[in-house]
Amino acid sequence: MKRILSLLCVCSLLVGAIQPMLLFAQDMPRVMVAVDEKIDDKDATARKVAGKIEKALLEKGYRIVDSKQFEQVRGRDLAMGDLNPTKAKELGRRYGAELIIAGGAQTMFGGERETYGIKTNEFTADGEVKLIITDTGEILAVASASSKKAAQGKAQAASKSLEEVGDMIAAELMTQLDSKMKEMKEKPIIVELILQGVNDATLVKIESELPQKVSMIQSMKLRYMEGDAASYDVKMKGTLDDLRRVFSAMQEYSVVGASGNRLDVSTKTSGVKKASMIMSSALEISEFKAENIFPAQFVYYSKNPIGAVTLENTGKTDIKNIKAKIFIPNYMSLASEQTIPLLKAGEKKAFDVSATLDKDKLQTVSENTVAQIKTEIAYNQGGEEKVRSITKPVTIYSKNSISWNRPSHVGAFVTYKDAAVENFSRNVVGNVKFDPNSYPNASRNMINAMKIWDAVRAFSINYVSDPWVVAEGDVLDEIQFPRQTLAKKAGDCDDSSILIASCLENLGIRTKLIGTSDHIFIMFDTGVNKKNASRVSLNERDYIVADNTVWIPLETTIINKPFSDAWKMGADGYYKTVDANGKLDVIDVRKSWEMSPPSNLASDEKVAATPSAEEIEKLLSADAQSLTAGNTEMLNQKVAYLKGQNNEQSANEAAVLLANAGKYDDAIAVIKAYKSASTQNNLGNVYLLKGDSLNAYKSYTAAVKSDEKDGGIHLNLGLLKYLGGDHDGTVESFATAVSKFPSQEQAYAELGIENIVAEMGQTRAAERNVVIDKGELQSLLFSALQDLQARKEARATSRQVRRGENKFIFGGRRGIDPTALANIKDFLYWKI
């Protein structure tokens with residue numbers, strides 16, 4: 001539209017100039033006049049109204065599109081809304097028209113009249129047309145008129161009425177055009193520029209250079225490529241003829257054709273070509289969007305959209321089996337291709353496109369790089385294969401870049417299977433010795449996490465921050481892959497968090513990343529059920545309960561400080577943010593892998609040697625002693641307070657704390673005088689932990705008699721039976737425990753069965769000598785949840801373990817293997 005208005009403005013300025021019409025006519029736009037004319041509802045062969053409009057336009061210097069070229073185009077349909085912006089542009093390009101005047105006119109016989117003895121025929125005519133800009137489909141002006149004429153002959157009367165309507169409409173159109181021209185003369189226009197003799201590489205240079213060399217060009221948008229020719233929509237100031245003169249004066253280009261709103265230019269380096277044979281196609285790539293690429297997400301891009309292509313079928317027939325390709329030279333080995341089965345006539349639809357990127361090439365991207373991404377469509381039109389393409393620049397960020405607008409994508413950096421991570425983690429856990437008496441309450445996950453922390457701490461990693469960078473609307477951060485941090489021995493909070501998370505995940509310990517507005521730290525799953533949280537800490541703000549277990553946060557900015565310091569700072573930071581209702585994104589690493597699987601792009605980095613086991617053990621021992629001292633102090637204060645309450649509930653709370661701390665005799669002494677089901681259950685747990693199977697059995701039996709509805713007591717009894725080798729009794733007690741709840745789901749939650757199964761299902765290299773057969777216990781627990789027949793089959797195939805050892809009074813000598821107890825105590829059900 002802007003192109004036409006500017007051209008028209010120039011035209012109106014030239015009208016008053018004393019110049020031959022032939023000179024300025026070249027600068028005037030071409031107009032297509034399509035008016036449906038009818039006489040008594042029948043098509044009129046003579047173009048009376050259209051002729052009058054064309055005559056007025058010619059007098060102003062406009063160029064007219066020959067009506068024979070568009071005989072099938074219905075002007076009335078176009079004027080009534082059949083002309084959308086895409087179709088208007090298509091018609092403009094097909095017929096070389098910048099303006100379309102479309103509408104209809106009709107005249108109807110009104111009857112015979114007799115005046116002074118002379119009979120005449122009267123016709124009444126009316127008409128309406130719209131002036132439409134082909135660039136946008138915008139209606140620039142509307143004109144209408146009506147007339148009544150009489151003559152002796154019907155044909156003469158009909159013609160006169162239509163001619164008068166034509167004169168009136170033409171006059172009104174010209175008036176409106178002049179007014180619009182004055183308003184729009186300074187606004188830019190859009191023309192089509194065909195560049196011949198180009199390829200993907202030269203296009204990039206041309207797109208950047210042309211707007212600088214040709215000042216009237218404001219912007220260029222690539223529409224498509226066909227062979228060695230590219231079609232652009234050019235936004236510019238001035239006229240098409242102005243642009244033609246500029247290109248004619250340039251040494252590197254040659255103008256080979258100009259018509260309507262289109263200019264064909266050939267690059268002289270490729271040899272001067274004839275006017276392009278590119279013709280408008282029914283299928284257009286109306287838009288191509290591609291997002292900037294984060295190399296670490298290369299697995300994500302193979303399954304999820306990297307961009308979208310919008311296709312529009314402007315034709316009147318459906319197009320089938322459209323092949324769409326995406327290709328990024330140097331970063332893809334093969335193009336990613338998909339077939340679009342059908343695009344209906346008139347349909348416009350966006351299609352997501354994915355890309356399989358070359359991991360080896362991405363591994364070399366150490367800084368932001370600009371590449372070219374190309375989309376190509378191929379289809380069959382009229383028996384001829386058509387190929388159109390668009391190439392546009394795309395930024396490939398550094399392989400370490402991430403945008404926190406998509407926090408879950410951080411999972412790509414947690415490369416827990418990287419050989420460097422696995423060697424480091426397994427060597428540390430397997431070779432670093434730990435005295436369980438130095439930290440009696442520690443779960444296996446806690447001990448292994450402490451080992452990993454102190455091993456990384458022994459590396460003496462330097463804290464080096466990297467600033468966030470804003471690039472093309474993305475807020476970017478740099479994250480090192482774990483191997484890089486082990487190699488460089490330097491990094492910031494996210495680097496150390498990713499390293500710790502990778503090592504722990506390699507050991508089967510679940511991790512989550514905690515993101516605030518400007519910081520990231522980590523928490524890990526201790527494997528301790530929430531019912532036993534006091535075994536981790538007596539301070540509820542020292543840990544986080546998630547997924548039914550106890551999690552410990554660690555502040556990784558102090559990676560060179562003791563584990564206890566990192567724990568305290570992590571917990572304080574977490575709860576301060578929670579209390580202030582601040583931004584807190586908790587990213588489950590394993591869930592993040594579902595979107596962005598681990599993508600190791602640092603496999604060529606050589607890591608530093610792992611610190612010696614002796615060095616790590618010194619740090620680990622100091623950490624254990626510090627944590628034990630802190631826990632003991634809290635325990636003594638808490639127990640003293642509870643004892644002072646002098647009631648059964650407080651006594652039971654104190655007993656649980658003492659038992660979890662390994663002070664079994666003190667725990668027994670606190671609750672021995674009470675006889676309720678809760679106390680007898682808890683007393684049975686203490687005896688079991690102490691290794692006294694006889695008194696444990698007596699206490700559980702007494703508890704069951706006092707409260708037959710509590711499934712937790714049966715769970716404990718089943719664990720006792722399992723340790724005694726009574727597998728049938730184990731299954732029976734487990735099944736009874738579950739049956740006491742309205743649903744299995746509630747039993748799972750209350751008894752911690754899911755966590756029991758998870759614990760039993762984990763087998764680690766550091767546990768080769770564990771006596772308890774976790775696989776069998778897991779099988780028995782599952783058997784208890786099945787029907788009776790399934791349980792019978794499980795019993796028949798159950799393998800007996802530790803035959804002749806550790807039998808209870810109902811099966812052998814007194815006593816429980818202490819190694820097995822260490823793995824059972826997490827599963828016990830305490831009743832307060």
Once amide hydrogens are built 1.01 Å from N within the peptide plane, the residues lying 5 or more places from Lys672 or on another chain with amide H under 5 Å from its amide H are none
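With the convex hull built on the Cα atoms of segment 158-269, state its orientation-averaged projected area in nm².
9.7 nm²
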What aspartates and glutamates sit close enough to Lys576 to cross-link, taking a C-alpha to C-alpha distance under 13 Å and skipping anything fewer than 8 places away on the same chain?
Asp542
Here segment 625-632 yields Karplus 3J(HN,Hα) values (6.51, -1.76, 1.60; θ = phi - 60°; whole Hz; Gly and Pro given as x) of 5, 5, 5, 5, 4, x, 5, 4
Tell me the Kirkwood hydrodynamic radius of segment 412-555 in angstroms, computed as one over the mean inverse distance between distinct C-alpha pairs.
16.1 Å
For segment 299-449, take every pair of Cα atoms, bin their distances at 5 Å starting from 0, and report each bin as a whole percent.
2, 7, 12, 15, 12, 10, 9, 8, 6, 5, 4, 4, 3, 2, 1, 1, 0
Reduced to Cα centres, the span from segment 385-427 to segment 520-592 in Å works out to 27 Å
Kirkwood Rh, angstrom, segment 604-659 [1 / mean 1/r, Cα pairs]
14.4 Å
Using the structure shown, select from Lys87/Lys349; Lys55/Lys180; Lys638/Lys705; Lys530/Lys561 the pairs with a Cα to Cα distance greater than 23 angstrom.
Lys638/Lys705; Lys530/Lys561
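Can you give me the convex hull volume of the Cα atoms of segment 88-244, divided per residue and expressed in Å³?
Cα convex hull per residue, to the nearest whole number: 131 Å³.
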Leaving ligands, DNA and RNA out of it, report the carbon-plus-sulfur percent of the accessible area of segment 192-236 at a 1.4 Å probe.
48 percent
List the pairs from Lys38/Lys60; Lys205/Lys289; Lys675/Lys825; Lys38/Lys235 whose alpha-carbon separation is above 29 Å, in the order I gave them.
Lys38/Lys235
Roughly to the nearest percent, how much of the accessible area of segment 371-433 is carbon and sulfur, given a 1.4 Å probe?
43 percent
Please report the spacing between the Cα centers of segment 210-263 and segment 605-671 in Å, no decimals.
79 Å
Candidate aspartates and glutamates - alpha carbon under 17 Å from Lys663, same-chain residues fewer than 8 apart omitted:
Glu633, Glu653, Asp692, Asp826
Segment 38-47 - phi-based ³J(HN,Hα) in whole Hz, Karplus 6.51/-1.76/1.60, Gly and Pro as x:
9, 10, 6, 6, 10, 4, 8, 6, 7, 9
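One-quarter of the Cα convex hull surface for segment 541-663, in nm²?
12.1 nm²
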Among Lys89/Lys344; Lys531/Lys618; Lys268/Lys374; Lys672/Lys831; Lys325/Lys591, the pairs whose Cα-Cα distance exceeds 21 Å are Lys531/Lys618; Lys268/Lys374; Lys325/Lys591
For segment 607-619, in order, what is each residue's ³J(HN,Hα) by Karplus, 6.51 cos²θ - 1.76 cosθ + 1.60 with θ = phi - 60°, in whole Hz (x at glycine and Pro)?
8, 6, 5, 5, x, 5, 4, 4, 5, 5, 4, 4, 5
Carbon and sulfur: what percent of segment 114-174's accessible surface (1.4 Å probe)?
47 percent
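The values are calculated or read from the model by the stated rules, or taken from the named source; none is laboratory data. Everything quoted here is computed from the prediction, not taken from an experiment. Side chains are part of the model used for accessible areas, which takes the heavy atoms of the whole protein and leaves out ligands, DNA and RNA. Shrake-Rupley method; radii C 1.70, N 1.55, O 1.52, S 1.80 Å.
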